[in-house]
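Read the structure below first, then the notes.
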Amino acid sequence: MGRYLMGFDMGATKMLCAVLDDTYNVIAKNKVKTKGSGNDEIFSTICRCIDECLAKLPSDAPHLDGIGIACPGPIDEVNGIVRSAPNVGVAEFPLRRLLEERYAVPVLLENDVNAGVFGELVAGAARGKQHVIGLFPGTGLGGGIIMNGELYAGATGGAGEIGHMTVQSDGRLCGCGGYGCLEALASRSAIAKDAVAAAAGGDAPALYAEVGTDLKKVTSGVLRRAIDGGDVVVKRMVERAAYFLGVGMANCVNIFNPELIVIGGGLVEKFGSEYLGVAEGVMRERAMSSLADTVVVAAAELGDYAAVIGAAARLAEKLETTTSKKSKPSAGAPAT
């Protein structure tokens, strides 16, 4: 019987998990709102989400073989610790140990965007590819790098911070403390800040009518409805963000020579080809033509389940590697 693994996406607004079979079909799933703050409260929410999901499994379902967790923010993958995830409300969170003690199965932690890109590699838009850049503009702008068919982690596990490349040397302040980062210019949060300012000044009446000047309420869907309602200035802001995304994509093409760039997140889902078209056009204008001519740009396919599937797939890799090492004969021992 095949292996059953759980993938879990630890989000700032919701927790989403699913039990998957060997081919990443969803057997059971569950979603809960992220409530509370602090390691203890968040751990309780995580366990509730997992327990409710497991309760939905058929009575004859195989035992769960492990849990892969997609976590926002920096993690210590070796020791299984979420270093800091302020949007979720945890810090120095020994999540792997806590989950392994509670559920008695192997647990792996992975950065959420890396997990999302890996999910697209194994089951989505990047299937069969070897060299892929993934970009997910949202609250921030996360990135992931696939090299030779494998997720590239870098020397300390921190590779893929594409959102923090400088694309405008005198640009606005970014949350990381730098200026002119791609994230500060191309994320949904960047658009929202400008859109709220326009609404306050009377230049975005449709947006103001729906959310006023409450920055936290400006989702991709709100931006879409504001544009559909006639807010031309908001349309220009989205196009400007897409322009800078294209600049970042061009840099990635020149540095990594990918065969595919996958773009995911709410902006892609709500604005589709009109958004991707601007970004891709800028990329092709700015990247070296010999490299730009060979790269394909595609929208992510897995939606909310990209990180869930990717986290489970990363755990599957680890389990297979561990099994392979155990099966090898020790030095000096005869092979059987």
*Would you confirm whether any residue within the range 89-98 is within 15 Å of the chain's Cα centre (by Cα), surrounded by fewer than 17 Cβ atoms within 10 Å (Cβ to Cβ) and among the small types (Gly, Ala, Ser)?*
no
**Item:** residue 122 vs. criteria surrounded by fewer than 24 Cβ atoms within 10 Å (Cβ to Cβ) and closer than 21 Å to residue 240 by Cα
**Value:** no
Picked from the range 26-81 (must be in a strand (DSSP E or B) and basic (Lys, Arg)), the residue farthest from residue 310 (Cα to Cα) is 33
Across the range 198-239, the tally of residues that are more than 17 Å from residue 186 (Cβ to Cβ), of a type in the set (Asp, Glu) and touching a residue at least 24 places away in the same chain (Cβ under 8 Å) stands at 2
Scanning for something at pLDDT 95 or above, under 22 Å from residue 302 (Cα atoms) and β-branched (Val, Ile, Thr), does the range 185-192 turn up at least one residue?
-> no
Condition set in contact with a strand residue (DSSP E or B) (Cβ under 8 Å, 6 or more places away or on another chain) and among the basic types (Lys, Arg), scope the range 83-105, selection modelled with the highest pLDDT: answer is 96
Looking across the range 271-327 at residues that are touching a residue at least 40 places away in the same chain (Cβ under 8 Å) and either part of a strand (DSSP E or B) or of a type in the set (Asp, Glu) (or both), the single one that is nearest to residue 260 (Cα to Cα) is 297
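The values are calculated or read from the model by the stated rules, or taken from the named source; none is laboratory data. All of these numbers come straight from a predicted model, not from anything done at the bench. Cβ sites come from the backbone with ideal geometry, for glycine too, and all protein chains shown count toward neighbours.
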